[in-house]
């Protein structure tokens, strides 16, 4: 009996949870101004008070047709579970735009559907909409078009003379022949069709201007979706010009929203029987600047996902990179010439040479894997360098027990053959996720505006796309140290760059050592913003990296050891930039020092700080560790050997400490008050203290 009761309770709980998930909310798709910025969304729980999403910024940028507009967006949820959208792409094109989405966040590649292309006299395609026919399992797409001379009895000089046309499809790939849907002897636009009982009702705008202007909303009925609509009813709107009707049934009442476009605000009427209408415009609260759109029902669960995604301010919080990422990147050594074979050999070598065992896990393909984007907006892979594609390469990396990383840019216009993801962030991040990548680096090479606000806005969009791409991905912001990153990057990325490229900084540098010190000094300026899940990135390491064609003086072994030690102290990502296949035993020993790596990977997640500089270039650095331990680095940046003393009290340490030398791998004993070490030029002594 008790077992039966438990089963009943569980079932009731499931029903309640499911009912809450299916509880209704309402979404409004619309455009602003001329539709050049794209799709806007607003939501409501009662159909009266509407709140814009994404701080009233566009959520999808128009990418098709010559004018690249996104006016009159119509969205429905199809029988296939996808959201399907059509829109006006131009004032003069003979086609419409189409895209689909599983969640109203990630959209397919936008398509241009040339619905009136076979009639060269057609002037336009305005205000397209979609209605699903459950009887035929077809989607009907319909819109208004003017064809000069086609309906001479209602032509007005200098005015368009529209009728409603349609086509049908099941798959949004093949379409029926375009046909006339509605002609009742007047100029008509903005048709929107809903099922009402056994009939279909078309809400439409009488666009007649002369001899007496109509410009009002009316209804027409039919027993089938694709034709037979009778004469239009009397106007259901008042003594004002209205357009863009969109209707929804909430409870037992129909609400029709419309654009009072001459008054620059929205209105609505309501009816229980589609005959007697009450104006409820004074009850509406709509986003400022809203223009012709459509209303649809969604679940509150779907709404919560949207509000979470488009929250302001947005935070990534993906629970990744809880310790600094470790891996390898192609850029420092291979620059413009990464290739499938090289990347595979690097992955092989990472395993064979013990780097994977030491904690290195990411194999990141940097720039020059893509040649850009095709005319449909799809990413083009450089098939000469990567003949089997990027998914196959990620699969190979995974087969070695490693993770794969990939590269792109903000901005829309690349000035060389590579990828720019501006306008395609959601699409590209989902593509990377589908290919199997777990790390994405996004650069600023093609940033159209280089201000703090612009960087924050662009990287917010990227971060949103990364978070909801469908696969956990570490997000590396390659801001090149720019635009006050400390104010915005920690909320948006797992890592961000503190400076320019290590092998090109400072400007006109002639040695790797200069780049190391440049990055170190920049990283030390904002240590408190680093921690689990978000790290100051001092760029890829130069341990084992060559002279870049003779341009740079290569670090000696002591300098490379100091470089690696300090990256561990400052909790920078440990991303190698060398050719692992040809790594020297000395460089390999540096990179696989597990005691040093443990300092970098310490779970407390504190970045080390400069706590004393006895004289210029003689430095003491301190990094708090978990379990009341500390890492100390005595760092000699000068050109001569020197002794450096760590005064425990001045460094904020306990008076007595047991010390262990991390590079000699041996205990040094217990010290009271201070410790002094003798260091060569550009040398470091790294200590574990407890």
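The values are calculated or read from the model by the stated rules, or taken from the named source; none is laboratory data. Bear in mind the structure is a predicted one, so any value in this text is a computation, not a measurement. Don't worry about glycine lacking a Cβ; one is built from the backbone with ideal geometry, like all the others, and counts go over all protein chains shown.
Picking from residues in segment 57-82 that are modelled with pLDDT of 95 or more and buried (at least 22 other Cβ atoms within 10 Å of the Cβ), the one that is farthest from residue 301 (Cα to Cα) is 69.
Residues of segment 84-137 that are crowded, with 21+ Cβ neighbours inside 10 Å, within 26 Å of residue 43 (Cβ to Cβ) and free of Cβ contacts under 8 Å to residues at least 40 places away in the same chain: 89, 97, 99. One residue stands out in segment 410-443 among those that are touching a helix residue (DSSP H, G or I) at 6+ places or on another chain (Cβ under 7 Å) and assigned to a loop (DSSP other than H, G, I, E, B): the one that is surrounded by the fewest Cβ atoms within 10 Å (Cβ to Cβ), namely 436.
Among the residues making up segment 636-659, those that are under 21 Å from residue 528 (Cα atoms) and buried (at least 16 other Cβ atoms within 10 Å of the Cβ) are 651, 653.
In summary, strands (runs of 3 or more DSSP E) completely within segment 244-310 and bearing 2 or more residues that are at pLDDT 95 or above and touching a helix residue (DSSP H, G or I) at 6+ places or on another chain (Cβ under 6 Å) occur at 265-271. The set of residues in segment 492-525 that are surrounded by fewer than 17 Cβ atoms within 10 Å (Cβ to Cβ), touching a residue at least 12 places away in the same chain (Cβ under 8 Å) and assigned to a helix (DSSP H, G or I) contains only 525. Looking across 605, 544, 639, 550, one residue alone is on the phi < 0 side of the Ramachandran plot and assigned to a loop (DSSP other than H, G, I, E, B). It is 639.
Can you give me the number of residues within segment 177-213 that are part of a loop (DSSP other than H, G, I, E, B) and either more than 42 Å from the chain's Cα centre (by Cα) or closer than 12 Å to residue 142 by Cβ (or both)? Qualifying residue count for the region: 13.
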